[in-house]
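A.B. asks: Here it is, the structure in full.
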Amino acid sequence: MKVTVVSPKFMVYMKRILALLVVGFAFQAAVMAQPTVSFSTESACTGEQVCMDVAVKDFTDILFMSFTMQWDPAVLQFNQVQGFNLPGLTGANFNTGNAVNGTVDLSWQFGNCPDGAGRTEADGHVIFQICFTVLSNQYGQVGTVSIPASPVPIVYRTNVGNCTNIGLLTQEGAISTCVAPISFIASNETGNEGDLVCVDFTVTGFQDMRSAQFTVLYDPAVLEFQNIIAGDVPNLSATGSFGLPGIGGVQPGNITMSWSYFITGEPPVTSPDGHLFFQACFRIIGPCESFSTVTFDSIPTQIEFTNDNVIAPGYNIFFQPVTGSVEVSDCAPTGLQLNADCGSPVNLNDPICVKVIVGNNFTNISDAAFLMGVEPRYFEFTGVQNLATLSGLNQADFNAANAINGILGFNWAPVGPPSASLPANTTLFEVCFDVIGLGGNSPFSFSCRPTCRSITALISALTRATVRYKSTNPRV
């Protein structure tokens, strides 16, 4: 999946406010980003009609938008646009006169530039569909649909200069002949220097699969590899399916993955979209405000995906990777300080209690709410204990309804006085688990989904402490 910046060539970067110590509460700083227009990924066979969703992100106070869509007319034949879902958007806003050559133009206006009332849509909002007939008769051939840099896309936003073109980002889509493209999606994570972070690798289009292989790249100056946690995939193992940095010629900054499932009498493997294929865990060694992308590559292990089909056995299916990242927190963050102490390494079947400890600014706090998470395949929640002497703090402040999935909620407010304080390094409470599986180091994380607060502030970072397994145990 390719993300392209189209003219004008600038991007407003929305920098996240990160945490103090292990977790912090801070006001979110939002910088208005360029809108993104994205096309969905679809599959259809020769002669079939298929429609792609065209969706937007960061579509805020938009007055005017125009761009061209292009594709290969030898692979896809334009049929129509439909499903209009912006005020005033109709078929008349599209110029289809050159569709036979693979382009259609859009021009839409909502308000007058520069100070008219603009239109805002939620991220993921589908503004219309564009439909094609598949002309290709080659199994797996892909027709991409994108927004080119020329002619220049034009986007006006309310009160941005004197009708200044802010440009847009575009995420191309694809229509694959008779087989869905494969996507591996790497997650975006944040943390502090010294934290453990685990990047999730999820899949879409993983249907009737027989083999998959690729290389993962990361910056070894920012991340130090720790371990792989294999997902629930037949014949996938952390020890047998991965080439690890520093072992067998695999260089730091590289992880290779090679999986296959050719067992006589057994059907191929299908996983639902969004299924967790594996996790790669790293120790953050880079300084504050450093950053590492987590990308996919063909060196040293070639990208290849094959399925179980009789039309083109062994065909390498089109791959749409989604890059992830690990961002290290700000050098001078603001917010309420919390820390998590996971204690000594543990063995299978051991109990473990993680101490949640306040920093030096738990002063006159009026309320607090956040989530805590662990890997549920390895830890089973058993309870909370040793609650601090804090007005109103009791067992009812903890929500264990989603504990089976590794998520524990916390929502506290003092009773009586409007606020409360604790001395520095006081244990706020302990969260306890039984160790029910093995998988190498695993994070204990704080997060802000769907809502977190301290006083009137928001928690805006995912940060992690580490639960370590004793090295005498095998990793599975």
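A.B. asks: With modelled with pLDDT under 90 and under 27 Å from A221 (Cβ atoms) as the only criterion, which of S292, S329, S344 stands out?
C.D. replies: On the way: S292 fails: modelled with pLDDT under 90; S344 fails: under 27 Å from A221 (Cβ atoms).
Testing whether each residue is modelled with pLDDT under 90 and under 27 Å from A221 (Cβ atoms) leaves just S329.
A.B. asks: Quick check: is even one residue across segment 35-43 assigned to a loop (DSSP other than H, G, I, E, B), crowded, with 20+ Cβ neighbours inside 10 Å, touching a Leu at 6+ places or on another chain (Cβ under 8 Å) and in contact (Cβ under 8 Å) with a residue 40 or more places away in the chain?
C.D. replies: Of all residues in segment 35-43, those assigned to a loop (DSSP other than H, G, I, E, B) come to 35, 40.
Going one step further and asking which of them are crowded, with 20+ Cβ neighbours inside 10 Å, we end up with 35.
Checking which are touching a Leu at 6+ places or on another chain (Cβ under 8 Å) leaves us with 35.
Next cut, in contact (Cβ under 8 Å) with a residue 40 or more places away in the chain only: 35.
Scanning segment 35-43, I find at least one residue that is assigned to a loop (DSSP other than H, G, I, E, B), crowded, with 20+ Cβ neighbours inside 10 Å, touching a Leu at 6+ places or on another chain (Cβ under 8 Å) and in contact (Cβ under 8 Å) with a residue 40 or more places away in the chain, so the answer is yes.
A.B. asks: Give segment 302-317 a look and list any residue that's of a type outside the set (F, W, Y), crowded, with 19+ Cβ neighbours inside 10 Å and out of contact with any Gly (no Cβ under 7 Å at 6 or more places or on another chain), or say none.
C.D. replies: N307
One line per residue, one yes/no per condition, for (1) out of contact with any strand residue (DSSP E or B) (no Cβ under 7 Å at 6 or more places or on another chain); (2) farther than 27 Å from P245 by Cβ; (3) in the same structural domain as P418 (by TED's automatic domain parsing); (4) at pLDDT below 85:
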| residue | (1), (2), (3), (4) |
| --- | --- |
| T301 | no, no, no, no |
| E304 | no, no, no, no |
| D308 | no, yes, no, no |
| P313 | yes, yes, no, yes |
| P333 | no, yes, no, yes |
| L348 | no, no, yes, no |
| V358 | no, yes, yes, no |
| F362 | yes, yes, yes, no |
| A369 | no, yes, yes, no |
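A.B. asks: For segment 262-276, which residues satisfy the criterion of being hydroxyl-bearing (S, T, Y) and at pLDDT 90 or above? Show your work before the answer.
C.D. replies: Initially, segment 262-276 is screened for residues hydroxyl-bearing (S, T, Y), giving 264, 270-271.
Passing the criteria: T270, S271.
A.B. asks: While we're here: Is segment 422-438 home to any residue that is at pLDDT below 85 and not in a loop (DSSP other than H, G, I, E, B)?
C.D. replies: Step one: filter segment 422-438 for residues at pLDDT below 85, giving 437-438.
Within this subset, residues satisfying the condition of being not in a loop (DSSP other than H, G, I, E, B) are none.
No; the residues of segment 422-438 include none that is at pLDDT below 85 and not in a loop (DSSP other than H, G, I, E, B).
A.B. asks: Could you tell me which of the residues V197, V152, V134 is crowded, with 22+ Cβ neighbours inside 10 Å, assigned by TED's automatic domain parsing to the domain that holds F84 and of a type outside the set (D, E, K, R)? Give the steps one after another, and end with the answer.
C.D. replies: Numbers: V197 fails: assigned by TED's automatic domain parsing to the domain that holds F84; V152 fails: crowded, with 22+ Cβ neighbours inside 10 Å.
One residue alone meets the criteria, V134.
A.B. asks: Out of V126, V145, V134, which single residue is hydrophobic (A, V, I, L, M, F, W, C), under 26 Å from V322 (Cβ atoms) and touching a Cys at 6+ places or on another chain (Cβ under 9 Å)? Spell out the reasoning first.
C.D. replies: On the way: V126 fails: touching a Cys at 6+ places or on another chain (Cβ under 9 Å); V145 fails: touching a Cys at 6+ places or on another chain (Cβ under 9 Å).
Just one listed residue meets the conditions, V134.
A.B. asks: Restricting to segment 388-422, what's the tally of residues that are out of contact with any Leu (no Cβ under 9 Å at 6 or more places or on another chain) and free of Cβ contacts under 8 Å to residues at least 12 places away in the same chain?
C.D. replies: Counting residues in segment 388-422 that are out of contact with any Leu (no Cβ under 9 Å at 6 or more places or on another chain) and free of Cβ contacts under 8 Å to residues at least 12 places away in the same chain gives 2.
A.B. asks: While we're on this one: Kindly indicate whether any position in segment 251-262 is surrounded by 16 or more Cβ atoms within 10 Å (Cβ to Cβ) and more than 24 Å from R377 (Cβ to Cβ).
C.D. replies: yes
A.B. asks: Give me the pairs, please: first residue somewhere in segment 79-103 and hydroxyl-bearing (S, T, Y), second residue anywhere and modelled with pLDDT under 95, beta-carbon distance under 7 Å, and either six or more positions apart or on two chains.
C.D. replies: Nothing qualifies.
A.B. asks: Here is a further query. Yes or no: I285 more than 30 Å from S419 (Cα to Cα), β-branched (V, I, T) and in contact (Cβ under 8 Å) with a residue 24 or more places away in the chain?
C.D. replies: Values: more than 30 Å from S419 (Cα to Cα): yes; β-branched (V, I, T): yes; in contact (Cβ under 8 Å) with a residue 24 or more places away in the chain: yes.
The answer is yes for I285.
The values are calculated or read from the model by the stated rules, or taken from the named source; none is laboratory data. Quick caveat: nothing in here was measured; it's all calculated off a predicted structure. So basically every Cβ, Gly included, is an ideal-geometry build from the backbone, and we count neighbours across all protein chains shown.
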